[in-house]
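What follows is calculated from the coordinates using simple rules that are stated; it is not laboratory data. Just so it is clear, the structure is predicted and the values come from calculations on it, not from any experiment. Every residue, glycine among them, receives a Cβ derived from its backbone with ideal geometry; neighbour counts consider all protein chains shown.
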Amino acid sequence: MFTKLYERLYVKVLVSIITGYKKTTVYIEILNKSGILNSYEEEFDTKYVSIEMYEYIMSYTKETPYFYISILDSSPSQGAIGTCSKHKVGYFEDLSASEYKCYKDRWTYYTAKTDVYAIEKVYEKIGVDFIFSPFVLLANFFKDKIDTHLAMFILIQEGSLALSVFNKSELLYANYLDMEIEIASDELLIDDNDIAQIEKEMQESIDLDDIASLDDLDEIDDNFGDIADLDSIDELDDFDEAKDIEEELAENEDMQDYSTRNTESINEDYKRFSLIQSAVNIFYKDEKFESEFIENVYIGDGVGVSGDLKKYLEEEMFLNVYVRHVDLASELCAITKMDLA
Amino acid sequence: MMYSYIKPRKKSLFTPEMQLLSIFFGITIFMLLGTYLFLLFKDYRFTQDRSEIIELREATSMEIDLIQKSIISIEEEKVLSETVFTKNTVLKDSIANMFDLVPQRITLSEAKLLENGLVLYGVTPNKDIYNFMLQAPLRSIFHRTYSSFYPAENGWLHFVSTNYVDKEEEIIMKPIDEETQEDDAKEEIEDEE
């Protein structure tokens with residue numbers, strides 16, 4: 001009773017921390033009983049807690065005892081499994097050394113216990129109240145689409161991707177792809193010559209936008225014998241109907257704003273594309289996963305990817321790609337509020 | 001709903017600063033309360049001691065009164081004893097003087113010491129011896145002296161000498177009177193011997 005009273009007397013400060021390659025974003029939201037009073041965001045050139053970052057966070061948290069610090073888990077040993085049954089979980093992943101939770105009794109997300117301890121250790125000075133999985137953030141961000149669509153949902157963070165395939169809120173496949181590991185393997189690094197070659201390949205490949213008439217189809221048919229799958233106009237129409245028009249319109253508005261912020265290099269986008277491609281291959285080929293044909297991809301863009309990624313996915317994998325910008329820190333803050341409620 | 005891998009830390013108003021403040025104020029209040037209780041106890045003890053001391057003082061003053069009374073009584077007794085002792089000394093001297101007055105040729109058979117006088121009974125060979133040897137000194141001592149004679153069987157004379165001192169000397173003679181009866185008895189015994 002007194003706790004509720006004290007909570008009303010004090011403001012709440014929610015601190016969301018998003019860690020990337022080399023920088024950390026700190027988003028602070030100050031709440032009172034009527035709503036959000038203020039919000040602040042600051043970026044720090046560190047992956048850990050620097051003195052500046054510590055002082056910045058403490059300058060807000062010292063005002064109230066009711067402050068909560070949330071961190072988006074970016075550890076590589078995390079993932080999600082499409083079941084909550086403890087018996088079935090073992091079929092997909094050994095979770096004996098993992099911390100895991102069930103999302104709405106539908107699917108399980110997990111991370112290594114050691115990584116949780118490591119995060120707690122790194123943020124020992126300021127303390128940690130919540131550690132959230134990017135899959136939870138993804139599920140909340142695309143909850144309007146996940147519940148009704150069969151699609152691949154990708155959350156792009158700096159240095160990592162949370163990829164999941166949902167069929168009407170049923171998780172079919174999920175994988176957390178760490179770009180840092182891939183960089184270390186040095187397999188995906190490409191130079192300018194490679195980029196030119198890729199572009200050339202893409203020009204030679206099928207562009208669905210160009211398929212406007214039966215004549216074009218015939219032309220394609222001449223060049224590619226394996227296009228027999230798309231052997232009727234009806235199926236092509238179905239394929240077009242699978243497009244999410246509403247999302248496309250929203251995306252166009254978003255992309256207009258976003259084009260100026262598009263600073264990621266093509267190199268990074270190609271790495272992301274490669275990771276997505278390999279993950280999709282695993283999804284299709286691995287018998288553990290119930291394969292469904294993916295037509296649509298919803299991307300929650302937390303870093304500001306270039307249009308190249310969308311182009312790669314559309315042209316190389318024949319996917320309908322919808323990119324939505326996501327403010328990871330404020331989304332994390334929203335999940336924190338949900339958890340506190 | 002709980003999406004986080006970990007549970008949030010318990011939030012309390014007692015931040016380290018608040019804890020420090022609470023400890024500070026706690027210690028201060030404790031010390032003030034302790035001092036207040038100590039003073040209360042000391043006040044209670046003081047009141048108790050004071051009442052005990054008042055009782056003791058009263059008892060002591062009562063004892064002092066008693067002692068003073070007994071001192072007065074002892075002093076009175078002492079004065080009395082000294083008076084008695086003085087009187088007895090005077091009496092003894094008087095008796096000694098009296099016997100010194102009596103010549104060898106006169107025999108006293110009885111002596112009575114009165115309040116303001118002396119009555120002597122005795123035997124004298126003749127009146128002259130009595131008049132010259134006993135009556136003369138008696139007259140020098142007493143203001144009034146009366147003598148009467150009657151013959152004895154052996155030819156001597158029995159005499160009764162009554163001597164009085166006037167009122168001025170009565171005060172001096174008073175203590176002697178108290179012993180008169182006893183002395184008479186003694187004189188009679190001596191005469192008989």
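Which net charge results for the neighbourhood of B:Ile71, defined as the other residues with beta-carbon distances under 15 angstrom from its beta-carbon, given Lys and Arg at +1 and Asp and Glu at -1?
Its environment carries a net charge of -3.
Mind checking A:111-121 for the average number of partner chain beta-carbons within 10 Å of each residue's beta-carbon?
1
Taking every residue in B:9-19, how many Cβ atoms of other protein chains lie within 10 Å of its Cβ, on average?
4
Taking Cα centroids, how far is the stretch A:106-135 from the stretch A:30-65 in Å?
The stretch A:106-135 and the stretch A:30-65 have Cα centres separated by 19 Å.
By count of other Cβ within 10 Å, fewest leading, how are A:His87, B:His143 ordered?
Listed from fewest to most nearby Cβ atoms, that is A:His87, B:His143.
Between rounded, prolate and oblate, where does the stretch B:25-101 land on the alpha carbon gyration tensor, with a ≥ b ≥ c its root eigenvalues, rounded for a/c under 1.5, else prolate if a/b exceeds b/c?
prolate
Please arrange A:Ser70, A:Ser160 by how many other C-beta atoms lie within 10 Å of their C-beta, fewest to most.
With the fewest neighbours first, A:Ser70, A:Ser160 line up as A:Ser70, A:Ser160.
At 7 Å along the Cα-to-beta-carbon direction for both B:Phe25 and A:Ile282, put a label point, then send me their distance in nm to one decimal.
Label-label distance for B:Phe25 and A:Ile282, simple model: 5.7 nm.
Can you list the lysines whose alpha carbon sits under 30 Å from that of B:Lys112, skipping same-chain ones fewer than 8 residues off?
B:Lys78, B:Lys87, B:Lys92, B:Lys127, B:Lys167, B:Lys174, B:Lys186
Treating only the Cβ of Lys, Arg, Asp and Glu as charged (+1, +1, -1, -1), what charge dipole size does the stretch B:1-137 show about its Cα centre? Round to the nearest 20 debye.
That gives a dipole near 1400 debye.
Among B:Ile23, B:Gly34, B:Ala59, which residue has its Cα positioned farthest towards the positive end of the charge dipole of the stretch B:1-70, with +1 placed on the Cβ of Lys and Arg, -1 on the Cβ of Asp and Glu, and the dipole taken about the Cα centre?
Value: B:Ile23.
If you fit an axis through the alpha-carbon atoms of helix B:167-178 and take the longest principal axis of the Cα set of chain B, what angle between them do you get, 0 to 90°, nearest 10?
80
At each listed q (0.11, 0.16, 0.19 Å⁻¹), what is the log10 of I(q)/I(0) that the Debye formula gives for chain B modelled as equal alpha-carbon point scatterers?
The Debye formula, applied to the Cα set alone, gives -0.72, -1.05, -1.26.
Starting from the amide H of A:Val326, placed 1.01 Å from N in the peptide plane, find each other amide H under 5 Å away whose residue is 5 or more places distant or on another chain.
A:Asp301, A:Gly302
Please give the charge dipole size of the stretch A:1-67, origin at the Cα centre, charges +1 on K and R Cβ atoms and -1 on D and E Cβ atoms. Round to the nearest 20 debye.
340
To the nearest 20 debye, what is the magnitude of the charge dipole of the stretch A:21-150 about its Cα centre, counting +1 on the Cβ of each Lys and Arg and -1 on the Cβ of each Asp and Glu?
480
Testing the spin-label approximation: label points 7 Å from Cα along Cα→Cβ at B:Ser109 and A:Tyr91. State their distance in nm.
It is 16.9 nm.
Excluding A:Ser169 itself, calculate the net charge of residues whose Cβ lies under 9 Å from the Cβ of A:Ser169, where each Lys or Arg counts +1 and each Asp or Glu counts -1.
+2
Compute the acute angle (0 to 90°) between the alpha-carbon long axis of helix B:180-192 and the principal axis of greatest extent of the alpha-carbon atoms of chain B; round to the nearest 10°.
Approximately 40 degrees, to the nearest ten.
Based only on other Cβ atoms within 10 Å, what is the fewest-to-most ordering of A:Asp73, A:Asp308, A:Asp178, B:Asp43?
Neighbour counts put them in this order, fewest first: B:Asp43, A:Asp178, A:Asp308, A:Asp73.
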